[in-house]
1. Return only the number of the condition from (1) open to solvent by 30 Å² or more (accessible area, probe 1.4 Å); (2) assigned to a helix (DSSP H, G or I) that Pro40 does not satisfy.
2. Mind listing just one residue for me: the one in the stretch 15-30 that is outside any helix (DSSP H, G or I) and open to solvent by less than 40 Å² (accessible area, probe 1.4 Å) and, of those, farthest from Val96 (Cα to Cα)?
3. Report, by residue number, each residue of the stretch 44-72 that is over 25 Å from Arg90 (Cβ atoms) and outside any loop (DSSP other than H, G, I, E, B).
4. Can you tell me which residue within the stretch 47-92, out of those that are aromatic (Phe, Trp, Tyr) and open to solvent by 20 Å² or more (accessible area, probe 1.4 Å), is nearest to the chain's Cα centre (by Cα)?
5. Taking Ser54 and the conditions (1) modelled with pLDDT of 95 or more; (2) over 17 Å from Val146 (Cα atoms); (3) of a type in the set (Gly, Ala, Ser), which numbered condition does it fall short on, given that it satisfies the others?
6. Restricting the stretch 142-175 to residues that are more than 23 Å from Gly94 (Cβ to Cβ) and free of Cβ contacts under 8 Å to residues at least 40 places away in the same chain, which is least open to solvent (accessible area, probe 1.4 Å)?
7. In the stretch 147-172, which residues are within 14 Å of Leu80 (Cβ to Cβ) and small (Gly, Ala, Ser)?
Amino acid sequence: ERIIEAVVELHRTVGPAKTKITEVAEMAGVGRMTVYNHFPTDSDIFRACGAHWSAQNPPPDPAQWARIDDPEKRLDLALLQMYEYYEGTRDMLGKVLRDEPLLPALSDVLSEIWWPFFDVAVATMAHGRTMRGERKRRFSVAVRLVLDFGTWRTLTDSGLDASAAAGIAADIVRGVDDRA
């Protein structure tokens, strides 16, 4: 538990790519070999860190969105909840997503956890809309764009709060949907 909490704190503050096992061991009050004995691979430590952190910071539930019949209201709620989630998890998500291309083991773990969630979120926002072919593809691309952490960061770094940013994001999606 102490090792995982140390990993979570270091990933949140410096990021996975800059986290050193010696720092984890020191922060947890254990020897370096103890860390390796509990977590022999990078994948093991990323999975444990991700599970621990996600239990404390669960993302919004797309099943809740799916219960909303009106696709426009569903889109608005989903974007607002995702942007509020990003706001509350900015330090960790920002560093983990920043470091993903640098660490194959981290990328593998995110492919198991984060990206499937992201796919479900996109599909849930498209549910109930009568779209086919190119229109459906364009809508999905627009939703992926506005759900992207980097898009949220760009909007909020421009001075918008989560609600205003989600409103602009919804307008972007609606604009693409109207033109598709």
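The values are calculated or read from the model by the stated rules, or taken from the named source; none is laboratory data. As the structure is a prediction and not an experimental result, all values here were calculated from the model. Positions of Cβ are generated from backbone atoms using ideal geometry, with glycine treated the same way; all protein chains shown enter the neighbour counts. Ligands, DNA and RNA are excluded from the accessible area calculation, which covers all protein heavy atoms including side chains. Shrake-Rupley method; radii C 1.70, N 1.55, O 1.52, S 1.80 Å.
1. (2)
2. Selected residue: Val30.
3. Matches in the stretch 44-72: Asp44, Ala66, Pro71, Glu72.
4. Going through the qualifying residues, I end up with Tyr85.
5. (1)
6. Gly175
7. Residues satisfying the conditions are Ala162, Ser163, Ala164, Ala165, Ala166, Gly167, Ala169, Ala170.
Condition check ((1) at pLDDT 95 or above; (2) β-branched (Val, Ile, Thr); (3) out of contact with any helix residue (DSSP H, G or I) (no Cβ under 9 Å at 6 or more places or on another chain); (4) crowded, with 17+ Cβ neighbours inside 10 Å) across all residues:
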position: Leu103; (1), (2), (3), (4): yes, no, no, yes
position: Leu106; (1), (2), (3), (4): yes, no, no, yes
position: Thr130; (1), (2), (3), (4): no, yes, yes, no
position: Glu134; (1), (2), (3), (4): no, no, yes, no
